[in-house]
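Below is one structure, written out as structure tokens, with a few remarks after it.
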Amino acid sequence: MKKSLQVFAGVCALITLVALNGFAQSKKIVLGFSQIGAESEWRTANTDSIKAAAAAAGIELKFADAQQKQENQIKAIRSFIAQKVDVIAFSPVVETGWETVLQEAKRAKIPVILTDRAVAVKDDSLYVTFMGSDFVEEGKRAAVWLMGYLHTDKPVNIVELQGTVGSAPAIDRKRGFEEMLKPFPNYKIIRSQTGDFTRAKGKEVMEAFLKAEGKNINVLYAHNDDMAIGAIQAIEEFGLKPGKDIIIVSVDAVKGAFEAMIAGKLNCTVECSPLLGEQLMAAVKDLVAGKSLPKRIVTNEGVYPAEFAAQVFPSRKY
Ligand code: AHR
């Protein structure tokens, strides 16, 4: 009798163990991701990378598109908190104004990962890690390429198409570029305005630059390829040759930029990789497993002058 009771208890324990194990295996990690929008070729590639990597990693992704509005990102983060997701990740449209919602996530004990863009907060315990490019470095690389390419002490008039006002890449790419040019006063930024990272705005602002400055413009520095591509159209419509009459350097290295370089209309693109999906999913899994992450994970990137565009193009992934 005693023995059969023991066997019965053992079988029960085994069944419970198997059931618990099955439950643990079937409970998917849930990641809430708030994306900025779809303003550029870069952003679309970034979204694709995140969706594909989540599917491949078996992570349930709750994806929200903020259509370039900070208020929509805040709403999405609050909704992720209410849904008790395991991890929240987001690419902040602008740098400031995140303290309150990040404190709410912290109180709910939901870890937050920043991807692509940084936030300006006093308390950096409000997020676990920031993975993405070094935008200051990208601005510096654009300037170094330009000065190496022109190699002149004659006056060089530059117009600048900035990214979204208040966004980390717009602030940092401007800073890095200006920092490198500072010791060389013949390089002058004569006009600088936001084109909001879009082709349409890039074209519109370049039209205004051309109207005001005409043939006085030697160089265009665009904070992303999409604005450069929009501006190329404006330059052609104005009757000038982009890439020749006006030297153009931009950031991202999307396929559209390679096509423009092969066509001789863009001179250089500085890489900013949107392929952050795999890295993000690995970080999410590590967090859920209780591992700690470095505070900053920097993406490795290069510079692509037009001379190498045709050779490099077939291997480009975005
Ligand atoms: O934050 C990355 C920037 O955002 C990319 O350079 C730009 O194309 C995008 O919209």
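The values are calculated or read from the model by the stated rules, or taken from the named source; none is laboratory data. Source: prediction; values computed, not measured. Positions of Cβ are backbone-derived with ideal geometry, glycine not excepted, and every protein chain shown enters the neighbour counts. Areas reflect the complete protein model, heavy atoms only, side chains present, ligands, DNA and RNA absent. Shrake-Rupley method; radii C 1.70, N 1.55, O 1.52, S 1.80 Å.
Structural remarks
- Strands (runs of 3 or more DSSP E) within the range 166-278 that include 1 or more residues more than 17 Å from Arg141 (Cα to Cα): 187-194
- Yes/no for Ala283 being of a type in the set (A, V, I, L, M, F, W, C) and within 16 Å of the ligand (Cβ to nearest atom): no
- Summed over the range 190-213, residues that are more than 23 Å from the chain's Cα centre (by Cα) and under 19 Å from Gly230 (Cβ atoms) total 10.
- Test: residue in the range 217-224 that is without any contact (Cβ under 8 Å) to a residue 60 or more places away in the chain and either in contact with a helix residue (DSSP H, G or I) (Cβ under 6 Å, 6 or more places away or on another chain) or open to solvent by 50 Å² or more (accessible area, probe 1.4 Å) (or both): no
- Ser250 fulfils the conditions (1) modelled with pLDDT of 95 or more; (2) open to solvent by 10 Å² or more (accessible area, probe 1.4 Å) except for a single criterion, (2).
- Screening Val136 against (1) assigned to a helix (DSSP H, G or I); (2) touching a Ser or Thr at 6+ places or on another chain (Cβ under 7 Å) leaves a single unmet condition, (2).
- Tabulated pairs, the range 167-183, first open to solvent by 80 Å² or more (accessible area, probe 1.4 Å), second among the aliphatic types (A, V, I, L, M), C-beta under 6 angstrom, 6+ apart or interchain: Arg175/Val136
- Only strands (runs of 3 or more DSSP E) whose full extent lies in the range 24-94 are considered here, and the ones with at least 3 residues that are surrounded by fewer than 23 Cβ atoms within 10 Å (Cβ to Cβ) are 60-65.
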